[in-house]
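A.B. asks: Quick one: this structure, given as structure tokens, is what I'll be asking you about.
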Amino acid sequence: MDAFQGILKFFLNQKTVIGYSFMALLTVGSERLFSVVAFKCPCSTENMTYGLVFLFAPAWVLLILGFFLNNRSWRLFTGCCVNPRKIFPRGHSCRFFYVLGQITLSSLVAPVMWLSVALLNGTFYECAMSGTRSSGLLELICKGKPKECWEELHKVSCGKTSMLPTINEELKLSLQAQSQIIGWCLICSASFFSLLTTCYARCRSKVSYLQLSFWKTYAQKEKEQLENTFLDYANKLSERNLKCFFENKRPDPFPMPTFAAWEAASELHSFHQSQQHYSTLHRVVDNGLELSPEDDETTMVLVGTAHNV
Amino acid sequence: MEKFRAVLDLHLKHHSALGYGLVTLLTAGGERIFSAVVFQCPCSAAWNLPYGLVFLLVPALALFLLGYVLSARTWRLITGCGCRARASCGCGLRGSLVCAQLSAAAALAPLTWVAVALLGGAFYECAASGSAVLAQRLCLDRDHSCAAELPLVPCHEAKASDVQDLLKDLKAQSQVLGWILIAAVIIILLIFTCVSRCLSPVSFLQLKFWKIYLEQEQQILKSKATEHATELAKENVKCFFEGSHPKECNTPSVKEWQQISSLYTFNQKDPYYSMLHKYVNRKEKTHSIRSTEGDTVIPVLGFVDSSSINSTPGL
């Protein structure tokens with residue numbers, strides 16, 4: 001039992017790694033599925049469109065799904081039209097774009113995984129490149145091959161050209177090789193880029209390593225507590241309402257956070273060196289809804305508009 | 001027990017995503033079964049196009065209507081509409097906004113059907129091979145037999161091999177159309193969700209709390225309604241068999257039920273979490289909560305009407 005608990009704890013600690021590995025497995029699995037079941041190169045002049053659509057449409061879908069599933073995007077967008085000052089506070093207009101950039105970068109992981117796996121496989125790229133009509137690319141691919149190559153390259157994937165089977169095979173293999181090279185280059189550059197950005201972000205971080213670990217633990221625990229408290233309060237409020245409805249009584253007062261408090265707690269968090277608040281909720285609870293000297297006009301404008309509602 | 005609780009929490013947090021995922025999987029599975037088992041292209045010039053189009057579009061229409069039927073909000077909008085005053089029925093801008101939202105939600109399954117059918121290719125191949133307009137485009141550089149043999153292509157019965165090769169072209173066109181449909185639908189969905197979230201008068205955390213509140217209210221309403229109904233039924237049956245008079249039971253009146261069943265409207269001055277909440281907190285006992293100044297229908301708050309005693313939460 002202890003050993004099992006230990007193993008479970010180990011896996012729970014490695015949640016991010018497991019999450020990404022699962023995503024990678026899913027991408028590989030669906031790429032294999034598509035490639036075997038659905039993808040059949042038409043071997044006509046439409047090759048390029050077909051290959052490119054199969055390469056990029058799933059990447060696009062994965063990018064948009066990444067946006068949908070990211071909590072930060074909804075925290076950023078909810079209520080922004082009604083109160084634009086919330087996301088474009090005076091003096092911090094770039095914050096919106098910074099957060100949007102972060103969300104985009106984290107959503108780009110799955111599409112890049114798809115593209116690398118698809119390019120490593122080679123079928124999609126081979127089909128797309130064999131349909132090219134650009135003379136420069138044709139020159140590159142058909143160098144040293146008989147002149148039928150220029151006209152019949154699009155039939156290479158199906159093996160139906162009038163050239164010798166060995167030359168057909170050679171062309172197929174060279175296209176697949178190009179695809180795999182591009183795939184590996186993509187994997188290398190994406191990993192290097194993500195390493196650089198992580199290093200840069202950690203370098204510019206205002207908190208130390210241990211404090212950062214504490215911060216992550218705090219954020220997780222606060223999230224759990226918030227959900228439990230939501231459930232508890234929702235339960236009590238709905239019990240009260242239903243009791244009053246069925247028994248035709250007047251309701252007792254039920255204390256809930258004010259509208260302004262909800263608005264203040266939903267802001268995106270930014271860390272101030274002097275105050276060391278680990279979340280927006282922490283800051284709202286510590287400062288109340290009054291201004292603290294360090295805070296700029298952003299909170300004032302927010303509270304002001306919230307009270308006008 | 002804790003692991004089970006963790007799974008349940010996951011289900012509660014993402015139940016709408018899980019619901020939509022389930023609908024997509026079921027539709028995709030159904031389409032594969034249809035296309036493999038039921039669909040047999042007639043391979044005739046006159047019947048290919050209608051047959052293919054019927055298989056592509058009629059199940060989509062059926063799924064669209066089913067989407068309407070299975071949404072609790074539709075019934076909330078329609079029930080009792082004939083007897084009540086027209087104003088409370090939600091005609092005009094309010095009613096059309098609600099209708100538009102219902103249609104958008106009901107359109108998910110049909111669009112999944114059409115997208116999976118196009119990715120599969122069988123229906124489009126059959127329909128396109130029977131279309132005279134497409135035959136002209138495909139048979140452009142080929143001899144006269146091409147146009148005559150094109151309808152036979154889905155059954156692999158065309159004699160000329162280059163005409164038979166057109167089957168691959170048709171399948172490719174179908175799959176490209178399918179992917180373009182998926183890409184377009186998903187970006188439109190993202191834009192609409194962003195815009196409706198943007199127009200939300202409440203903040204992110206309050207919206208989260210609101211969803212949890214509604215689920216709890218639904219569960220408790222169901223258990224309290226069951227309890228109340230059991231008591232009332234017991235009393236009535238007992239009195240029937242004993243021939244006695246039933247004691248006074250405090251059941252909410254017809255008017256009260258009507259009040260809490262109307263479509264939810266948000267009021268900036270008194271933000272309540274449901275029509276029940278609004279009703280219980282009304283100022284005077286005889287006051288109607290049906291229509292007050294400042295009531296608006298907000299797109300992002302559509303989930304408030306989707307709750308009902310008999311349906312699964314949120315779906």
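The values are calculated or read from the model by the stated rules, or taken from the named source; none is laboratory data. The structure displayed is predicted, hence computed values, not measured ones. Glycine gets a Cβ as well: all are built from the backbone with ideal geometry, and neighbour counts include every protein chain shown.
A.B. asks: Restrict the check to segment A:96-103 and report whether at least one residue is free of Cβ contacts under 8 Å to residues at least 12 places away in the same chain, exposed (fewer than 14 other Cβ atoms within 10 Å of the Cβ), within 11 Å of another protein chain (Cβ to nearest Cβ) and in a helix (DSSP H, G or I). Before you say what the answer is, go through the steps one by one.
C.D. replies: Keep residues of segment A:96-103 that are free of Cβ contacts under 8 Å to residues at least 12 places away in the same chain, which gives A:97-98, A:101.
With exposed (fewer than 14 other Cβ atoms within 10 Å of the Cβ) added as a condition, the list becomes A:97-98, A:101.
Pick out the ones that are also within 11 Å of another protein chain (Cβ to nearest Cβ) and you get none.
No - not one qualifying residue is present in segment A:96-103.
A.B. asks: Can you pull out every residue in segment A:261-289 that is facing another protein chain (nearest Cβ under 10 Å) and either surrounded by 17 or more Cβ atoms within 10 Å (Cβ to Cβ) or in contact with a strand residue (DSSP E or B) (Cβ under 7 Å, 6 or more places away or on another chain) (or both)?
C.D. replies: Residues satisfying the conditions are A:A261, A:W262, A:E263, A:A264, A:A265, A:S266, A:E267, A:T280, A:L281.
A.B. asks: Condition first: over 15 Å from B:L134 (Cα atoms) and either outside any loop (DSSP other than H, G, I, E, B) or among the basic types (K, R) (or both). Now tell me which residues in segment B:33-51 satisfy that.
C.D. replies: Matches in segment B:33-51: B:I33, B:F34, B:S35, B:A36, B:V37, B:V38, B:Y51.
A.B. asks: Further, regarding this structure: Please pick out the residue among B:E231, B:E235 that is more than 10 Å from chain A (Cβ to nearest Cβ), surrounded by 13 or more Cβ atoms within 10 Å (Cβ to Cβ), part of a helix (DSSP H, G or I) and not hydrophobic (A, V, I, L, M, F, W, C). Before you say what the answer is, go through the steps one by one.
C.D. replies: Numbers: B:E231 fails: surrounded by 13 or more Cβ atoms within 10 Å (Cβ to Cβ).
Going through B:E231, B:E235 in turn, just one is more than 10 Å from chain A (Cβ to nearest Cβ), surrounded by 13 or more Cβ atoms within 10 Å (Cβ to Cβ), part of a helix (DSSP H, G or I) and not hydrophobic (A, V, I, L, M, F, W, C): B:E235.
A.B. asks: From the residues in segment A:36-47 that are part of a helix (DSSP H, G or I) and within 13 Å of chain B (Cβ to nearest Cβ), which one is surrounded by the most Cβ atoms within 10 Å (Cβ to Cβ)? Show your work before the answer.
C.D. replies: First, pick out the residues of segment A:36-47 that are part of a helix (DSSP H, G or I): A:36-38, A:47.
Adding the requirement that they be within 13 Å of chain B (Cβ to nearest Cβ) leaves A:37-38, A:47.
Working: A:V37: 11, A:A38: 14, A:N47: 25.
Of everything passing the filter in segment A:36-47, A:N47 is surrounded by the most Cβ atoms within 10 Å (Cβ to Cβ).
A.B. asks: Read through the list (1) without any contact (Cβ under 8 Å) to a residue 40 or more places away in the chain; (2) away from chain B (no Cβ under 13 Å); (3) more than 30 Å from A:V28 (Cα to Cα), then give the number of the only condition that A:R133 fails.
C.D. replies: (1)
A.B. asks: Considering only segment B:225-263, state which residues are at pLDDT 90 or above and basic (K, R).
C.D. replies: Passing the criteria: B:K234, B:K238.
A.B. asks: Just one of A:V61, A:V117, A:V109 is buried (at least 16 other Cβ atoms within 10 Å of the Cβ) and within 14 Å of chain B (Cβ to nearest Cβ); which is it?
C.D. replies: Working: A:V117 fails: within 14 Å of chain B (Cβ to nearest Cβ); A:V109 fails: within 14 Å of chain B (Cβ to nearest Cβ).
Exactly one residue qualifies, and that residue is A:V61.
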